[in-house]
Amino acid sequence: MDNLMERGQIYDGQNETELSEVRSSNSENLATTTTTTLQTSNEKLAPSSVKQCYEGYPRLAALLDSDENFMIYRRFGYLQARIILYKQDELRQLEKDLDLMDMGDAKTRPIVLQSREEDNFQNERRKDLLCRVEKKFKEYTELLITARDLATFNPPPACDYMSVKNYFDKAAPLSSVECYIYRKEDLVTLKPGREYSWLDSFVEKVLQQMFCRPIRELRAKADPKEVRLFSRARIDILVSLIILLVIVALLIGPVYILWQLTTSSQSVKSINLIIVVLLLFTLLFSGVLSLFTRAKRHEILAAAAAYCAVLVVFIGNVGKLNT
């Protein structure tokens, strides 16, 4: 009997071991199947183009994420101003309450205005009020800092705004109430980099009429035909090349003309022509700086003065050689 019981216990132990192994194998298979299913679903949920996303906010989010030029959102300037004004008036009321408390204590208990410990020992009303002031003031300053940061954001360029607006007009991704793109005065762009000048916008408009693939890059990620995407690096290279050619022309052109006028017979007429050439090319140089770059007024003035000075020095040196 003892041997039979021992054999039964052994058989029971073997059965339990086999059952545990079967359960572990089943759990591993289930985990593998679940992992495979999740990976497959994740692959399906990772669209490679805008059209593969569901209509509405998913497709609109994919479009805005497809290029940095389309990162256009509202800044809610009106609500921002209302919140700041509300917090400001709350602080005004707390400031008034503190003044009234100080005025009352100055008449009845002037010692509490001279000693913080005495004030806290007799009554903690002022301490509680100052804590409330501190909390409201922190909220107010955080709002001011946020508003200052938002004020540094640039409005979207006209070409980028029209691309997104055309998508809203043609595809209608959102309901009419939620189409924020039509609040143009309240829109900002998150696009990093320098501020673009008139030349950048002009180059993009020209590229829209061209179909030269080395210059124009219409990405496959944005399928809607109303949306135009261009390589920002290529546009920057093209703009820099145009500016370089213009600057070289503005340096070589007047130098050649002034050389011809200076080496010729020195008459009153030639001197007047030299002055006119200096004036015209200096004005042209200032106009190029204002249109092709985002230079400030004092920077344009300094650059124009330096440009004119270089030409004057050149005229003086050429005149010395002739004498």
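Taking the mean number of other Cβ atoms within 10 Å as a proxy for protection, how do you rank 51-62, 106-117, 267-278 from highest to lowest?
Order by mean packing, descending: 51-62, 267-278, 106-117.
At a threshold of 8 angstrom on Cα-Cα distance, excluding pairs fewer than six apart, so keeping six or more, what relative contact order does segment 76-151 reach in percent?
Contact order relative to length: 40 percent.
For Ile242 and Ala309 in one chain, what is 0.36 nm times their gap in residues minus the Cα-Cα distance, to one decimal in nm?
Stretched fully, the Ile242-Ala309 segment lengthens by 21.7 nm.
Between Met103 and Asn123, how high is the FRET efficiency from 1/(1 + (r/R0)^6) when r is the Cβ-Cβ distance and R₀ = 25 Å? Nearest 0.05.
My answer for the efficiency is 0.95.
Applying the Karplus parametrisation 6.51 cos²θ - 1.76 cosθ + 1.60 with θ = phi - 60° to the phi angles of segment 111-125, what ³J(HN,Hα) value in whole Hz is obtained for each residue in order, glycine and proline being reported as x?
Using θ = phi - 60°, the values come out as 5, 6, 7, 9, 9, 5, 5, 5, 5, 5, 5, 7, 7, 9, 5 Hz.
At Ser267 and Leu79, where each label point lies 7 Å from the Cα along Cα→Cβ, what is the point-to-point distance in nanometres?
Between Ser267 and Leu79, the simple spin-label model gives 7.5 nm.
Which log10 I(q)/I(0) values, to two decimals, does segment 76-151 give at q = 0.17, 0.23, 0.26 Å⁻¹ under the Debye formula with one point per Cα?
After summing over all Cα pairs, the log10 values are -0.70, -0.98, -1.14.
Using the structure shown, select from Lys51/Lys170; Lys184/Lys296; Lys165/Lys191; Lys138/Lys191 the pairs with a Cα to Cα distance greater than 20 angstrom.
Correct reply: Lys184/Lys296; Lys138/Lys191.
Quick check on segment 130-181: take the gyration tensor over C-alpha atoms, sort the square-rooted eigenvalues as a ≥ b ≥ c, and tell me if it's rounded (a/c under 1.5), prolate or oblate.
Oblate.
Expressed in nm to one decimal, what extension gain is obtained for the pair Met71 and Ser201 from 0.36 nm per residue of sequence separation less their Cα-Cα distance?
45.1 nm
What distance in nm separates the two pseudo spin-label positions at Phe153 and Glu178, each 7 Å out from Cα along the beta-carbon direction?
About 1.9 nm, to one decimal.
Each reported figure results from applying straightforward, stated rules to the coordinates on display, with no laboratory input. Everything quoted here is computed from the prediction, not taken from an experiment. Don't worry about glycine lacking a Cβ; one is built from the backbone with ideal geometry, like all the others, and counts go over all protein chains shown.
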